[in-house]
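S.K.: This is the structure, below, for whatever I ask next.
The values are calculated or read from the model by the stated rules, or taken from the named source; none is laboratory data. All of these numbers come straight from a predicted model, not from anything done at the bench. A quick note on method: Cβ atoms are made from the backbone with ideal geometry, for glycine too, and the neighbour counts reach across all protein chains shown. Please note that ligands, DNA and RNA were not included when accessible areas were found on the heavy atoms of the full protein model with its side chains. Shrake-Rupley method; radii C 1.70, N 1.55, O 1.52, S 1.80 Å.
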Amino acid sequence: MTLSEQLCTIGMVILGTVLTRFLPFLLFPAGKPTPKYIRYLGTVLPSAVFGLLVIYCLKNVNIFTGSHGIPELLAITVVIALHLWKRQMLLSIAGGTICYMLLVQFVL
């Protein structure tokens, strides 16, 4: 990349970051009530993202080869247990990811 292309790329990244950080505060100021569809998305999207994450993680698992999906099954069990215990989505995802990585690297 030339210097001008690099500067243009950096400028676009900065602009994109600034827009995504400040635009919600400009569109939804503190004094006005939040629109119903935004509140609806706030309740529905976390579960939808979690479902998409599960599908993405399990799309290439083949129970007939390799470790037969055992690390994935154990990690899913950890995610479910952590979520039922603490009801913290990020903790559940992080715990399942750590469990899976440890199983793949050291056990299976």
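S.K.: Would you check which residues across the range 44-76 are open to solvent by less than 60 Å² (accessible area, probe 1.4 Å) and either touching a Phe, Trp or Tyr at 6+ places or on another chain (Cβ under 6 Å) or small (Gly, Ala, Ser) (or both) and list them?
M.R.: Residues satisfying the conditions are ALA48, GLY51, SER67, GLY69, PRO71, ALA75.
S.K.: Could you say whether any residue in the range 19-34 is open to solvent by 80 Å² or more (accessible area, probe 1.4 Å), free of Cβ contacts under 8 Å to residues at least 40 places away in the same chain, in contact with a helix residue (DSSP H, G or I) (Cβ under 8 Å, 6 or more places away or on another chain) and over 20 Å from LEU90 (Cα atoms)?
M.R.: For the range 19-34, residues open to solvent by 80 Å² or more (accessible area, probe 1.4 Å), free of Cβ contacts under 8 Å to residues at least 40 places away in the same chain, in contact with a helix residue (DSSP H, G or I) (Cβ under 8 Å, 6 or more places away or on another chain) and over 20 Å from LEU90 (Cα atoms): absent.
S.K.: If only one of THR65, THR77 is more than 14 Å from the chain's Cα centre (by Cα), outside any helix (DSSP H, G or I) and among the β-branched types (Val, Ile, Thr), which one is it?
M.R.: THR65
S.K.: Being farther than 29 Å from GLN88 by Cα and either in contact (Cβ under 8 Å) with a residue 12 or more places away in the chain or aliphatic (A, V, I, L, M) (or both) narrows it down to one of ILE10, ILE38, so name that one.
M.R.: Exactly one of ILE10, ILE38 is farther than 29 Å from GLN88 by Cα and either in contact (Cβ under 8 Å) with a residue 12 or more places away in the chain or aliphatic (A, V, I, L, M) (or both), namely ILE10.
S.K.: Here's another thing I want to ask about it. Just name the residue that is modelled with the lowest pLDDT out of those in the range 77-92 that are open to solvent by less than 50 Å² (accessible area, probe 1.4 Å) and farther than 17 Å from VAL61 by Cβ.
M.R.: SER92
S.K.: Answer yes or no as to whether GLY16 is closer than 17 Å to LEU90 by Cα and within 21 Å of the chain's Cα centre (by Cα).
M.R.: Considered against the rule, which asks whether it is closer than 17 Å to LEU90 by Cα and within 21 Å of the chain's Cα centre (by Cα), GLY16 comes out as no.
S.K.: Could we say that PHE106 is part of a loop (DSSP other than H, G, I, E, B), aromatic (Phe, Trp, Tyr) and free of Cβ contacts under 8 Å to residues at least 40 places away in the same chain here?
M.R.: No: the conditions fail for PHE106.
S.K.: When the residues of the range 94-108 are narrowed to those that are among the β-branched types (Val, Ile, Thr) and over 16 Å from HIS83 (Cα atoms), which ends up surrounded by the most Cβ atoms within 10 Å (Cβ to Cβ)?
M.R.: This residue is VAL104.
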